[in-house]
Each structure stands twice: as structure tokens, then as C-alpha cells.
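One structure is given here, and the rest of the page talks about it.
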Amino acid sequence: METTPRRAAIIGGGITGLSAAYYLKKQMEADGVPYQITIYEKSDSFGGKIKTLHRDGFVIERGPDSFLARKPAIVELARELGLEDCLTGTNPNAKKTYILSGGKLHRMPPGLMLGIPTQLGPFMRTGLLSAKGKARAALDLVLPKRTSPEDESLGSFLERRLGREVLSQIAEPLLAGIYAGDTYALSLKGTFPQFHSIEQKHRSLILGMMKNRKEGGEESRTLPEAAKNTTFLTFKDGLETIVHGLIDALDNVRFVKGCGISSVTPSREGYRLVREDGEADETDGVIVTLPAYAMAGVLEDAASEAAAELRAIEHVSVANVVLAFDESDLKEKLDGSGFVVSRGEERFITACTWTSVKWLHTAPHGKVLLRCYVGRSGDDRWMHMTEDEVIRAVRKDLKETMGLSAEPLFTEMTPLMRSMPQYPVGHLERIKRVRAELASGLPGVLATGAAFYGVGLPDCIRQGKETGLELAKKLKASSTSGG
């Protein structure tokens, strides 16, 4: 009878790595296969970009601040970890969102889903578009679908279906911000594959989105109460809640922090991990969840072509600036969740979330919390400025867009260097090539993460789960074969 534990190494202790470890552990236990799991993390903490700061009664997210409620992976994980009751949705009285265009804040037309109109009345009344732009968008209702199976850019797709004006005034500031990218460079199939599917199934993007919206009610029945009637979710005490929940659930897993891995190569016993401190460990299976550029360095010796593909993935650096105010400092009461900025505005900030209005748990009574975003593809001005200069530039934009000139109670700036992997046209084919080389040359080494199939928290958790289950299957097979 096999009693030697199967050894697994997770390289990277962000949300993808922790999720991979959780589902690997869970499956190994279900299969009755003894195991040893080690998570290696180069920094001194786990959770990756998820960082929650509690200050003066405020709940401040330094990295991501929420996630899409309609993507089930993170909600399912929260349920498994007993954290479902910790979830919270956005303020139901802050449904308005604005777009800064022509120097003015315009209310986003009600009924938009991912920038696509699903209610024609409000869309036709919006001041964001000219009559010509609205007429061009309406052509989507009669235009034929594209028959080529080839990938295309998100920008060319939206311009083809809805016209350039809808793209630049509504869709681009909403969608490109998710990737901090250029819509004309981003892959349609890599970023919003549902748009491609809707066009193929329904021909019209607008009609297809309308149909999907109507059918969404059935899906919501499986969601927890907090996830119903809200687009975004977070945790009442901050996103680190799910990080702590995962760490607690990984009670018999070995955590090694402050320990980077420089290479993974095949060995007689399985795979050899050379650590940056010069030590080496042996393992039977590996999951690499690092950023693509770091992953390339780890795989260089054993999978040079995959490493070259990964190294070619560009990453954009962004930052967020949080500012706290007394409510009395604002000239007008905030009545929505914030605003996004069209590229044509040439502002320093790309968006501003009225955090304490959107999320009621984030600020004490009588206080206001704002979060501004800077940096995107083609605009790295902030990287050549001091923190004080960045904050002054952010405050200048807030004064000119919101009339907010008061001195903040405090500010917090978080640089997120090379944090936004770009998904250019052909991205999915690149990832297939990476995985094909690993499968042929390093079958026990799996790679996944934000640079692969989605950058949001639910996407990272889903990818971690899929990879953890895949490695569990491989380790079970090697266990029963005596390998």
C-alpha cells in the first residue's frame, strides 16, 4: 500500500496560489492520497495584491477593492470557507455612475451592461452621444454577424457593432479600465469572450445582451442574498477576509515566505526547485502562479520557448490614491458610485470611486473616502513623479471635476508595479503554446494566474481551482502507479 506522501509545491502565495493549494488539498483528501503541500512566497506576506488597511475607522483596499457578483468562483469559495455572511453588496442608493466627457460628469445611461445598452430609452436620451452616434449604435440591431473565427481587438469589435462614438465615450472608459489597456490592442476573445459568443448566437450585440439580462434572474437564485441585485461584491471587513480564510483552511500546509524560486527543472525524484537562497527542494508536482515575467525566469532552464512567450506578455503599472475627507468638505452630496474618465479628456486620473458611498462599511459616519486611479497603457506619467506630485495632480483633477478643494484628512498611495497583464490579439493562442510545451516537457509542472485567462479575483480563483484539481489528478495517478 502506498504510504509515501505526494509532494506538491505552489510557487506564489497570491490569491491564485492559495486557491490552488486549497482545492489541491481538498481533492487529495477526498482521494485518500497522503500529501505534503508547500507554498513558496517571495514577499513577507500572502495574498498577493490583496491588501486591506484599517485606519481611523476606515476600511481601505490598497489593491483590488471588489469583484463581479456574477462570476461564481469566489462566492462558492467564500461559502466553502464559511465566509458567506461576510459578503456585502454595493449601496442600493448609489446605483448612478458617471462618465467624465467634455469636462462634465454625465450620468451613465441606466441599463448598460459592460457598456452595452439593454434599455434603448435611457440610451437614446443620454447627453454623452450625438444623434449621429446614437443612430450608428442602432445599426447593431440590423448589421450581420462576423463570420471569421479569427480573434479581433475589443476596440475593432465594438466599433464594428456600435460605432466609434459609443466606443470612445462609453465602452472604452468602462471596459479598458479593467485591464488598464488600449481597446484596439486588447483581444476580444481573451478579455470579453461573451461578446463574441453573443454576436455568433444572436447576431445583434444589443439584442443578445437584452436577452441575457432577462435570463439573469434564474442564475441569481443560486446566489447568496448579498449577491442579489448588486453588480459588485466585497467583504465587510475587507478583501483580506478571504485570504485569512484560505490560510486558516490550509492548516497542515507548509508556508515559506521571503523565499523566491529561481528555477524548476526535472530530477530523478520528480522536480528540483532551486531557491534564491541557494537551497534546493525536491517535489513531485509544481504549480507556478507568479506574474508572467517572473514565471518566465523560473521556467527558463527547462522550458525556454514557454519562457519566451511569457516574457513577451506586457504588463502595465498603475497606482491608486485614497483620500479621506469630512463630509462637510464636499460642495454637493455624492449620489452615486463614482466616475470613469474618457481617454480624450487627457486627465491625470482614469477613474474615481466614491468609496464610502458605494460601500457603506468603508468610512465612519460623517466622513468620505475617495479612491482615484492613475496610469494605463500609453500613460505612465505617474511613474516619473514623487508621491507628493502624484497626490497634487490627483487633487487638481478632483477640484476641476468635483469642485473639491479641501485638504484631505489623510492620503494613502499604493503603486502597483507591472500589475496589469495585457491580453493582445492572439493572447489565447500564446497561452496554449505555453501550456503545450509544459505538458510535453514538464508534465508535472502547471502554470496559471492573472496573465492567463482573466485578471479579476473570481478569474484567479477559478484558475487556481482548475489547476489544483489537475495536479491532484496527476499526483493520484502517480501514487496508484507507484511512481
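From SER342, SER377, SER337, grab the single residue that is of a type in the set (Ser, Thr, Tyr), more than 19 Å from THR411 (Cβ to Cβ), touching a residue at least 40 places away in the same chain (Cβ under 8 Å) and touching an Asp or Glu at 6+ places or on another chain (Cβ under 6 Å).
SER377
Please find, among ASP284, ASP301, ASP277, the residue that is in contact (Cβ under 8 Å) with a residue 12 or more places away in the chain, farther than 22 Å from PRO64 by Cα and touching a Lys or Arg at 6+ places or on another chain (Cβ under 6 Å).
Checking each option against the conditions leaves just ASP284.
State the number of residues belonging to the range 84-104 that are hydrophobic (A, V, I, L, M, F, W, C) and buried (at least 19 other Cβ atoms within 10 Å of the Cβ).
Count: 3.
Write out, first by first residue and then by second, each pair whose Cβ atoms fall under 7 Å of each other, whose residues are 6+ apart or on separate chains, and whose first residue, in the range 308-331, is assigned to a loop (DSSP other than H, G, I, E, B) while the second is crowded, with 20+ Cβ neighbours inside 10 Å.
Correct list of pairs: ILE313/ALA292; ILE313/PRO421; ILE313/GLN422; ILE313/ALA451; GLU314/GLN422; LEU330/VAL368; LEU330/LEU404.
Go through the range 291-341 and give me each residue that's among the polar types (S, T, N, Q) and over 18 Å from SER419 (Cα atoms).
SER304, SER328, SER337
Consider the range 92-150. How many of its residues are modelled with pLDDT of 95 or more and in a helix (DSSP H, G or I)?
Summing the residues that are modelled with pLDDT of 95 or more and in a helix (DSSP H, G or I) in the range 92-150 gives 11.
State whether the residues of the range 354-363 include one that is of a type in the set (Gly, Ala, Ser) and crowded, with 17+ Cβ neighbours inside 10 Å.
Checking the range 354-363: at least one residue is of a type in the set (Gly, Ala, Ser) and crowded, with 17+ Cβ neighbours inside 10 Å.
Filter the range 411-442 for residues that are touching a Gly at 6+ places or on another chain (Cβ under 8 Å) and part of a helix (DSSP H, G or I); which is surrounded by the most Cβ atoms within 10 Å (Cβ to Cβ)?
Going through the qualifying residues, I end up with HIS427.
Inspect the range 42-57 for any residue being surrounded by fewer than 17 Cβ atoms within 10 Å (Cβ to Cβ), of a type in the set (Gly, Ala, Ser), out of contact with any Ser or Thr (no Cβ under 9 Å at 6 or more places or on another chain) and under 26 Å from GLY403 (Cα atoms) and give the result as yes or no.
Among the residues of the range 42-57, at least one is surrounded by fewer than 17 Cβ atoms within 10 Å (Cβ to Cβ), of a type in the set (Gly, Ala, Ser), out of contact with any Ser or Thr (no Cβ under 9 Å at 6 or more places or on another chain) and under 26 Å from GLY403 (Cα atoms), which makes the answer yes.
The values are calculated or read from the model by the stated rules, or taken from the named source; none is laboratory data. If you're wondering where the values come from, they're calculated on a predicted model, not measured in any experiment. Note: ideal-geometry Cβ built from the backbone for every residue, glycine included; neighbour counts use all protein chains shown.
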